[in-house]
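K.L.:
There's a structure below that I have some questions on.
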Amino acid sequence: MIRTRINELLGIEYPVFQGGMAWIADGKLAASVSEGGGLGIIAAGNAPADYVREQIRIARSITDKPFGVNVMLMSPFADEVAKVIAEEKVAVVTTGAGNPLKYMKAWKAAGVKMIPVVASVAMAKLMVRVGAEALIAEGTESGGHVGELTTMALVPQVCDAVDLPVIAAGGVADGRGMAAAFMLGAEGVQMGTRFLLADECSIHENYKQRLLKAKDLDTIVTGRRLGHPVRGLKTPFTREYAKLEYTDISDEELEKKGEGALRAAVQDGDAEKGSFLAGQVAAMLSKEQPAAEILKEVCEEAENYLKEGAKWVK
Amino acid sequence: MVFEAIQELIADKMEMDAEEITMDSTFKDLGIDSLDMVEMVMELEDKLDKEIELADKIETVGELVKYIEEKC
């Protein structure tokens, strides 16, 4: 059995979060992960508050266990989504792309625990001051929006800089990754890509098939030129986009090309227009299974690897 | 004093001459992104012995100077 400060802080069986993937992580997926003993997270993405409230209610109809909501702070609806999270007294809020300072008072009053995603030591320190209860340190191996540092380099540096429990994200897809993250100082892990193949994840069948077929070099980062790099599977769309970044196309036009691409992948499975976000671990995925099984499998594997680690010490 | 502190910090971090940094310089032109900004503001706090809670969007060195002088 693995027990860390994350289990205690959140009252969950496995210290494993399911990443808040925009357009993908809905109430059903989050509830399935929480019901399985981890922490499921509903992604607010760029969606309006009504959508988020609906997903929270769907999750509550499936599970009594705690779950979280991820707020993308750059979303035009961030203010209203933040309000809904406080009103609904969601157990955990994870944040990305900014500083949630202005929402902290309302969240604290509602008993919502704030756990931000950070990609640098300075951001980690700032979030401690703002009132975070734990931190998710996400390396550039992850899918979706990525930072600069790898998980291997980022996690120990964040652990050295703060006393809060750290959850490692980016590059973790099985028990080996989880055990390795623990050696770096993490007390929990967040996985996104692995949960794309959960039975309860309702992405298009083409998306799942592409993940199952992916090889190690099949992800690509696009959007660096615009300042918000995103990792996803190589498709005709992302290859074309990557080429365009080096042409004299204007930033506005480039930005426009990317709009709606994630939705096209998730809902229509369209490789010509879609952006199938995935982390570098995509190639490690080999089967579809229930979320609860993923959690159990990963944690049992991690436990074994952590025990076996002693064999190198003579 | 605040301006000089910022100027010195940026010159050191970005390896450029302090004279190149003026009140009108934008952080974007200086090559400082939002994550660098968080790091820089924390160093500034130590340097100036002040708490700086950045809430507004700040684009130029002059705006940062004004913010710190008026609100911190």
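Since every read-out is calculated from the coordinates, none of them should be taken as a lab result. The structure presented is a predicted model; accordingly, all values stated were derived computationally and were not measured. Quick reminder, even Gly has a Cβ in these numbers, built from the backbone with ideal geometry, and neighbours come from all protein chains shown.
K.L.:
Give just the number: which of (1) under 28 Å from A:A282 (Cβ atoms); (2) touching a residue at least 40 places away in the same chain (Cβ under 8 Å) does A:E133 not satisfy?
P.N.:
Only one criterion is unmet by A:E133, namely (1).
K.L.:
Give me the helices (runs of 4 or more DSSP H) completely within chain B, filtered to those with at least 3 residues that are away from chain A (no Cβ under 11 Å) and exposed (fewer than 15 other Cβ atoms within 10 Å of the Cβ), ordered by residue number.
P.N.:
Fully inside chain B and qualifying: B:2-14, B:61-71.
K.L.:
Please work out which residue is nearest to the other protein chains (Cβ to nearest Cβ), limiting yourself to the range A:86-96 and to residues that are aliphatic (A, V, I, L, M) and surrounded by fewer than 23 Cβ atoms within 10 Å (Cβ to Cβ).
P.N.:
By that ranking, first place goes to A:A86.
K.L.:
While we're on this one: Restricted to the range A:113-127, and to residues that are more than 7 Å from every other protein chain (Cβ to nearest Cβ) and assigned to a helix (DSSP H, G or I), which residue is farthest from A:K89 (Cα to Cα)?
P.N.:
Among those residues, the one meeting the criterion is A:V121.
K.L.:
May I ask you to list the residues in the range A:176-210 that are more than 17 Å from the chain's Cα centre (by Cα) and of a type in the set (G, A, S)?
P.N.:
A:A179, A:A180, A:G185, listed by residue number.
Quick grid of which residues meet (1) surrounded by 20 or more Cβ atoms within 10 Å (Cβ to Cβ); (2) within 19 Å of A:P165 (Cα to Cα); (3) more than 14 Å from chain B (Cβ to nearest Cβ):
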| position | (1), (2), (3) |
| --- | --- |
| A:N70 | yes, yes, yes |
| A:V84 | yes, no, yes |
| A:G98 | no, no, no |
| A:K108 | no, yes, yes |
| A:G131 | no, yes, no |
| A:A134 | yes, yes, yes |
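K.L.:
Name, by its number, the condition in (1) touching a residue at least 40 places away in the same chain (Cβ under 8 Å); (2) aliphatic (A, V, I, L, M); (3) farther than 20 Å from A:G192 by Cβ that does not hold for A:A49.
P.N.:
Of (1) touching a residue at least 40 places away in the same chain (Cβ under 8 Å); (2) aliphatic (A, V, I, L, M); (3) farther than 20 Å from A:G192 by Cβ, only one is false for A:A49: (1).
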